Amino acid sequence: MAYSFLEKEIKRTFQGLPETLPCGSRVFSGKVRDIIDLGDTLVISTSDRISAFDRVLSTIPCKGEVLNKVALHWFSRTEDILPNHIIESVTPRTVAVRKCEMLPVEVVVRGYLTGSAWRDYKAGKPVSGIALPSGMQMNQRFETPLITPSTKAEQGLHDEPISSEEILRQGLVDPAVWDTVQKAAIALFRRGTDDCARQGLILVDTKYEFGILNGQVYLVDEVHTPDSSRFWFADSYDQQFRAGKDPHKLDKEYLRQWLMDKGFMGDGEAPEIPDEVRIETARRYVGAYEGITGTTFTPEAGGLDEVAAVDEYVKKMR
């Protein structure tokens, strides 16, 4: 996967929208996305910023466009399971969406014992309040997917696991809504698992976010993207697992692993990420796009004046 265009694209990564658009509209920035609130509608632009361990660290060429296009692919593939917030595309990295009341928890669904779930399990801790059977191995597949919710922390802080029982006890989500969300999350994960399997990929785990609009639960934010999900290559999983080796991965775990090898896990000063690591991370993102969608990625956003395009759309919609 050479993707020689990344050498050009790294020189024009998109840091994000300015705090205020030329038309005067204010921009609210998260770790990766920039949002303009137009009342009933939000305009969401996905930058090339990359975060790991809840810290914004650098930019990755084509990342925002990849994330936006992968999310749109999955929103289209899952609209029969649950309605989503998408209204229309504005640019290759920007969409207009329905404004929903966001649920105060993220819904993580896990198909395999890996990542933070494995670290908790190895330390003898329950995973989001779930006691797992003894004797499980790292990267082992669960018989049925697990829902392991987490809190939504402020930027710069860490999300924390929370059990379904605690969500209901604290009154964070209405019980009927939570029941709908859990059923939808499992259905979404199974759809993603089946689609990825046809492309030779394993959907390992993922994060969903949900919102409420007019009493209806909506799927919002992003779906099965390299930022919200882990993917492994299916053809080598069994062999790697039996050998006790890490699966071959297709996601930003490459960057997380590079950071951990440098001794960084979110605390203290982050190491500077060299261009070769940024480009290799971009290759993983583009490869994920092509692996998931079965189509060739052609960069469109790099030569676009994103600020002008979003500004023009906002002026039209106000």
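Read-outs: derived from the displayed coordinates by stated rules, not from any lab. Keep in mind that what you see is a predicted model, and the values were worked out from it rather than measured.
In whole percents, the pair-distance distribution calculated for segment 102-242 from its alpha-carbon pairs, binned every 10 Å from zero, is 11, 41, 35, 12, 1.
For the chain, calculate the relative contact order in percent as a whole number, restricting contacts to Cα pairs under 8 Å that are 6 or more residues apart.
Relative contact order here is 22 percent.
Oblate is the label for the chain, because a/c, from the alpha-carbon gyration tensor with a ≥ b ≥ c as root eigenvalues, is 1.5 or above and a/b does not exceed b/c.
Among the listed pairs Lys31/Lys99; Lys31/Lys316; Lys152/Lys207; Lys63/Lys152, a Cα-Cα separation exceeding 21 Å is found for Lys31/Lys316; Lys63/Lys152.
Mind grabbing the base-10 log of I(q)/I(0) for segment 1-126 at q = 0.13, 0.17, 0.20 Å⁻¹? Debye formula, identical points on the C-alpha positions, no solvent, two decimal places. The Cα Debye sum returns log10 ratios of -0.72, -1.09, -1.28. On a per residue basis, the convex hull of the C-alpha atoms belonging to segment 88-181 measures out at 164 Å³.
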